[in-house]
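Read through the structure below, which is laid out as structure tokens, and then see the notes.
Just so it is clear, none of the values below were taken in a lab; they were calculated from the coordinates. Keep in mind that what you see is a predicted model, and the values were worked out from it rather than measured. Neighbour counts are summed over all protein chains in view; Cβ atoms, including those assigned to glycine, are modelled from backbone coordinates with ideal geometry.
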Amino acid sequence: MDRRKQLKQAYKETPRPMGVYQIVNNTNQKIYVGSSLNLPGKFNSNRFQLELQSHYNKALQEDWNLYGEESFSFEVLENLDPHEFEKQYWPKALAELEDKWLDKLQPYQKNGYNKQKRESQQLNCSLSSRQWK
């Protein structure tokens, strides 16, 4: 295999930055919390949807239209280290990390754009145990 193919293969196998993020409305301080296995891709996707006025979160879209792009910032809250878990457990670890931040920030109703999960939907696990390896 030539050097170029090796570099291309290595790039494909390298995990993208993953973790929990927030979109902050700097005008009214409301936030949206989400997670992704590819944070740069998710930021681009959210921004693209908002610019096209087709974002799935209608309240966030309305405020984006009202206040403008310059009123919003995209921030990483916490990265997930892919080396701490086997690849098959990344989505579960990410969901737990997102739940931790949702519990901490409570981005619901007047505080944010997230819809509150029903109790039965919430995960009952602890990231601190790290028992999935």
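Tell me which chymotrypsin sites (Phe, Trp or Tyr not before Pro) from segment 53-109 have a DSSP coil assignment and no more than 10 other beta carbons within 10 Å of their own.
Passing both the DSSP loop test and the Cβ count: Tyr56.
Farthest toward the dipole's positive end in the chain, which of Leu102, Gly68, Thr14, given Cβ charges of +1 (Lys, Arg) and -1 (Asp, Glu) about the Cα centre?
Looking along the dipole axis, the top candidate is Thr14.
If you average the C-alpha positions of segment 21-65 and of segment 76-101 separately, how far apart do those two centres end up, in angstrom?
After rounding, the separation between the Cα centres reads 20 Å.
In debye to the nearest 20, how big a dipole does segment 53-123 give about its Cα centre with +1 on each Lys and Arg Cβ and -1 on each Asp and Glu Cβ?
Computed about the Cα centre, the dipole is about 380 debye.
For segment 1-96, take N as its residue count and report Rg(C-alpha) divided by 2.2 N^0.38 Å.
Normalised Rg, Cα atoms only: 1.32.
By how many nm would the segment from Tyr11 to Lys87 grow when fully extended, if each residue of separation counts as 0.36 nm and the alpha-carbon distance is taken off?
Here the answer is 25.7 nm.
Quick check: residue separation of Ser71 and Ala95 times 0.36 nm, minus the Cα distance between them. What number comes out in nm?
5.9 nm is the gain from fully extending Ser71 to Ala95.
Mind putting a number on the dipole of the chain about its Cα centre? Charges go on the C-beta only, +1 for Lys and Arg and -1 for Asp and Glu, and I need it in Debye to the nearest 20.
For this selection, approximately 480 debye.
So which of Lys42/Lys92; Lys12/Lys42; Lys58/Lys100; Lys30/Lys104; Lys30/Lys115; Lys42/Lys87 end up more than 22 Å apart by C-alpha?
Lys58/Lys100
For Lys117, give me every one of the aspartates and glutamates with a C-alpha distance below 16 angstrom, ignoring sequence neighbours fewer than eight places off in its own chain.
Glu96, Glu98, Asp99, Asp103
Return the aspartates and glutamates within reach of Lys5: Cα separation strictly under 13 angstrom, same-chain partners fewer than 8 residues apart disregarded; answer none if there are no such residues.
Glu13
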